[in-house]
1. Would you kindly state how much longer the chain becomes between GLU140 and GLN177 on full extension, computed as 0.36 nm times their sequence separation minus their alpha carbon distance, in nm to one decimal?
2. For LYS206 and LEU8, FRET efficiency with R0 = 41 Å and r from the beta-carbon atoms, rounded to 0.05?
3. What is the distance in Å between the Cα centres of the range 7-28 and the range 166-182?
4. Compute for the range 77-143: radius of gyration divided by Kirkwood radius, i.e. Rg/Rh, restricted to C-alpha atoms, rounded to two decimals.
5. Hey, rough spin-label estimate for TRP234 and GLU69, points 7 angstrom out along Cα→Cβ, what's it come to in nanometres?
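Here, each number is a calculation from the coordinates, and none is a lab measurement. If you're wondering where the values come from, they're calculated on a predicted model, not measured in any experiment. FYI the Cβ positions are ideal-geometry reconstructions off the backbone, even for glycines, and counts take in every protein chain you see.
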Amino acid sequence: MSLQLFHLHNETRESCPDFMGQNYRASFHTRSSAKGPRKKIYRAHLDGEGPRKGEHAVVKVFRNAPGTEVMCDAEIAKHVMARKLARKFNKMVPDASDKIKFTLPLKSTVERFGMGEYLFRHSRHLDKQEWVLIEENLLEDLEHKFEVFIKKNGERAGKDPTSLDAFVHFTYLESGQNFVMCGLQGIHVDKEGYKLTTPCMHSIHKLFGLTDKGPSGMRAIFAKHKCNNICWTWPKPSDHSVDEEDHLLFSEHDTDDGLSSGDELDTDRVDSSVKFDVHTPFSNSENEDSGIITNGQ
Ligand SMILES: Nc1ncnc2c1ncn2[C@@H]1O[C@H](COP(=O)(O)OP(=O)(O)O)[C@@H](O)[C@H]1O
Ligand SMILES: [Mg+2]
Ligand SMILES: [Zn+2]
């Protein structure tokens with residue numbers, strides 16, 4: 001690890017291209033600002049030639065061991081899928097505050113360490129070459145609170161139904177019943193909708209990384225999911241039986257918020273208080289009203 005006396009902050013190399021084909025480096029703090037069970041989050045800003053230069057960002061470092069490119073790719077793949085689904089889903093919800101967007105993390109490696117990397121105590125020093133994720137800082141304006149809206153076990157965190165309940169079910173429908181997305185967290189902005197990051201996915205063939213708990217994870221999500229007026233006719237996993245083991249899936253390895261749940265199963269309740277335009281047909285057009293967070297939004 002080489003110490004750069006004249007740099008306070010750590011820096012990454014040039015990232016993979018973003019949705020506009022532009023690469024950025026991130027300059028990031030040497031002290032983390034938040035952490036989950038798997039990652040630590042560092043405040044950052046983007047450097048480089050593109051239009052997002054100067055934008056507030058966060059660098060996400062894998063906590064337990066240096067991140068690899070494969071780990072980053074698994075995270076990015078989930079976000080790419082989530083953005084596609086959100087684009088389709090948004091066409092069904094007329095109200096802007098119900099619409100959903102997901103961040104698109106970029107991947108890069110750490111290039112240079114700032115002084116703080118040595119000045120502060122760390123549970124694990126960063127490695128040069130370790131892979132990290134870079135994404136929009138959702139708390140940039142300090143007005144909003146980072147919230148878990150749908151927990152990783154599929155349960156809604158708040159009392160009231162939201163469009164996110166239907167989105168969980170929508171991911172199952174749209175994937176041809178091959179996966180379901182949950183763990184929906186981020187911020188809600190009035191008149192703009194949800195800006196989300198780090199979705200969790202459970203799939204028939206466990207294709208989505210270490211947090212993918214497979215068919216039993218999918219069953220457990222639907223045991224907690226409460227249908228509303230848009231999704232109650234959509235298919236659910238045919239085997240509704242959820243045994244104790246399915247619930248244990250979520251408590252064994254994960255320790256972050258949004259996991260515990262003492263609620264009774266209540267799969268058949270229908271919430272009708274969320275209003276959707278159920279007749280809006282899907283369209284394959286990708287360009288309008290996208291589920292993409294772009295610079296300045
Ligand atoms: N894009 C973001 N902008 C601002 N804060 C974030 C962002 N992503 C995550 N965070 C904060 O960092 C915490 C951990 O991030 P997360 O990606 O959920 O890590 P983990 O995979 O360990 O759960 C979140 O609970 C939140 O407080
Ligand atoms: Mg988390
Ligand atoms: Zn439903």
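1. Stretched out fully, the GLU140 to GLN177 stretch lengthens by 9.7 nm.
2. 0.45
3. Their Cα centres are 33 Å away from one another.
4. Over the Cα atoms of the range 77-143, Rg/Rh equals 1.16.
5. Once both label points are built, they end up 3.5 nm from each other.
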